[in-house]
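The values are calculated or read from the model by the stated rules, or taken from the named source; none is laboratory data. Just so we're clear, the structure is a prediction, and the values are computed from it rather than from any experiment. Cβ sites come from the backbone with ideal geometry, for glycine too, and all protein chains shown count toward neighbours.
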Amino acid sequence: MDRTDLKEIQSLPGNDQCFDCAEIGNTQWASVSFGILFCIECSGKHRALGVHVDFVRSLTLDSWKSEQVALMKAGGNLKCFNSFKASKVPMAVTDGGGRNGLVNDSNDFLERYTHMGATKYKEQLLKEIVQQSKSVIVDPDSSTTTQLSDEEKDGIYRSARLDPTLAWHKPILPVITKLIALSVQVVFGFPVFPLLLLLGFARVVLYPANTLLQGICWLVIFIPLAGSFLFGRYLYKTIINDRCPPFKSAQNFLSERIIQGRAIRIEGKYDVFLPSSTDKNIHNDKKDDDDDNTKNKRIGLILYPAPMINHTAYSQIAAKISDKGNIIVVVMSMEPFRMNLDSVENETKRALQVMYELLTDIAPNYPVSEWTIGGHSLGSHLAIKVAKATSPGTSKAVIWGCITRPLDYKSSTLSLPTNKIDVLLLIGSEDKSVNSVPERNNLLTILPPREGSSGRTIYRTIPGGNHNGFGHYERPKNQKKDGKRTITLDEQQRIVVDETVQFLLGRTSSTTSSGAVDVMPKSKAAVVGAICSKKNE
C-alpha cells in the first residue's frame, strides 16, 4: 500500500484504536469488508470467520488492490461503530472507547459480524465504492456479473462444504428441557391430568392404606420417568451419532449459485435461493384468464430439512423450485442440533424474522406477498406448527415424505373447520416408513379433508420414489426404512418440483401430468393400480 494511502486510512476517526478491543496504537490489521482497523490479537478472530464473512489484510505485509484501498478510505472505525450501534450490533467497545462486560470471544465475533446490521453496513460500504468507481456490481438486478477474487470464491466453497460436528455435552441441557416441555404438555393435557387428579384423590383421601392403589401410584410415577429417560437417551444418541452430510454435488452447486448471485447464505441461519434476476414479470406464464391479483403475487417458501440432515442437501431442489416458479425459497438451518429442540413460539418468531429480513435487508428487490411453510420428513411437523401459528398470513403448507403425526398433535391439528390452510402431501411409493405407521398415529388424522370448505389436502404419490429422494444425501443406516428408489434421483426431484410449484402457484387439479399419482400409498397395490389406470387413460 502506498504510504500516502496508509496515512490517510490511519488518520480516519477511530482508526487509532482497535475496533474490537479498544487497544490503542496497534492497529496494523484491516477488514476490507467492513473498512475497519484492529490489533493483531483480534485479527486471528477475524480470519477465523472466513473470507465469505470478513476479508482480512495486513496494512504493511500484504499487497493491496486499488478497490480495496478505496473501501478502507470510505470506511473507518468510527463510521462503522456508529452504524453498528444504530443497528444494535453487539460490541465490546463503548462510546467512550472503553470496554464493556462482553467476553469478546470467537462466538461474540461470529454474532457481531454476521448480524443483519453488520451485513447491511458491509453492503452499503460496497455500494458507495460502486457509485464512485463503477468497478464492482452489487445490485442483484444488474445485468453484469459480480466480480469476486479467487480468495473470496475459495471462502464461499469452504462455507458450503462445512459439515460441523457437535461436542458430546452440547445436547444434554436442550434434550432435558425438551423432555420436560413434552412431559408438561402430556401431564397437564386432557384426559391425563383429570385422571391423575382422580388417582391422587383416591390414594390420599379415599383409600390411604390400600396397597394395590399405592403400587399403581408408584407405577404411574416410575413408568413415565423410565420412558422419558429412554427417549432422552435415544434423542441424545441420534443428535450425536446420526448427523448426515450432503452430497458434494450439493455443496458445489450451492457455491456456484452464490457466486452467480442467485443464492445467499446467512451463516448458521438459512440459505436463500433467488429467482432469475432477468425475469421481471412475476409468473408471466400464467393463463390469460387468471385473476390479476394472483398473477402479480410473489410466492415465498420456507423449507425445514429432515432431522439430522445438513440443510445444504436441499440446495439443488430448492434452486429448481425457485427457477421453475419464480419463487423465493428459504432453506432453514437447524444447526447445531439438526432438529428442533426449541419451543414452537420461538421457531415461529424465527420464521417471521426471516420474512422481515428478506423484505428489508437480504432481498428487498424480491418482495414476497404470500408465504408457504414446508418441511421434509419430521421437519414437516415443525412446518405444520409454524404454518398454523402464522395463519392467516400463511395459507399453504407443503409436506414431503412424512406420514406420522407429531407427539403433541392436538396443538398442531389442521382438520378443524376454522382452518384456512391448504396442504400438499408428497410421498414416495417405496418409502418403507409410510406403510409402518399405525392408523391412530397417521398424519392424515390432523390434516384437512380432500375437499374441505376452507382448507384441503392434496395427496400425491411418486411412483418409484423413496424417503431421502427429496434431498441430495444418503443415510446407509436407514436404507431399509428409507426404501430403495426404482427411479433416478433426478426423476424423483423433477416430479417433486413440478407438483410443489403447481401447488404454490395455485394450479393444482385432480389430474396431474408430472408423473405422480393422486392416491395415498396405504398399500403398494393401491399405488400400482393407480399407475395402471393412469396409463390406460
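Details
- Region 42-65, residues that are more than 34 Å from the chain's Cα centre (by Cα) and under 18 Å from Ile129 (Cα atoms): Trp64, Lys65
- Among (1) without any contact (Cβ under 8 Å) to a residue 60 or more places away in the chain; (2) within 23 Å of Lys269 (Cα to Cα), the one test that Val53 misses: (1)
- Selection within region 94-117 - farther than 15 Å from Cys21 by Cα and outside any helix (DSSP H, G or I): Thr114, His115
- Test result for Ile239, in a strand (DSSP E or B), in contact (Cβ under 8 Å) with a residue 24 or more places away in the chain and among the aliphatic types (A, V, I, L, M): no
Residue-by-condition table, conditions (1) in contact with a helix residue (DSSP H, G or I) (Cβ under 8 Å, 6 or more places away or on another chain); (2) aliphatic (A, V, I, L, M):
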| residue | (1), (2) |
| --- | --- |
| Asp150 | no, no |
| Asp154 | no, no |
| Pro171 | yes, no |
| Ile176 | yes, yes |
| Gln185 | yes, no |
| Leu197 | no, yes |
| Ala226 | no, yes |
| Ile239 | yes, yes |
| Lys248 | no, no |
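- Checked against the criteria, Gln479 does not count as under 27 Å from the mean Cα position of the chain (by Cα), modelled with pLDDT of 95 or more, in the same structural domain as Thr404 (by TED's automatic domain parsing) and in a helix (DSSP H, G or I).
- Residues located in region 66-93, provided they are more than 33 Å from the chain's Cα centre (by Cα) and not in a helix (DSSP H, G or I): Gly76
- Summed over region 63-81, residues that are touching a strand residue (DSSP E or B) at 6+ places or on another chain (Cβ under 9 Å) and either surrounded by fewer than 17 Cβ atoms within 10 Å (Cβ to Cβ) or aliphatic (A, V, I, L, M) (or both) total 2.
- Subset of region 437-447 [under 11 Å from Leu425 (Cα atoms) and in contact with a strand residue (DSSP E or B) (Cβ under 7 Å, 6 or more places away or on another chain)]: Leu443, Leu447
- Tallying residues that are surrounded by 22 or more Cβ atoms within 10 Å (Cβ to Cβ) and in contact (Cβ under 8 Å) with a residue 60 or more places away in the chain within region 367-383 yields 11.
- Number of positions in region 126-169 that are assigned to a loop (DSSP other than H, G, I, E, B), surrounded by 14 or more Cβ atoms within 10 Å (Cβ to Cβ), modelled with pLDDT of 70 or more and within 24 Å of the chain's Cα centre (by Cα): 3
- Within region 170-214, the residues that satisfy the criterion of being in contact with a Phe, Trp or Tyr (Cβ under 8 Å, 6 or more places away or on another chain) and not hydrophobic (A, V, I, L, M, F, W, C) are Lys170, Pro171, Pro174.
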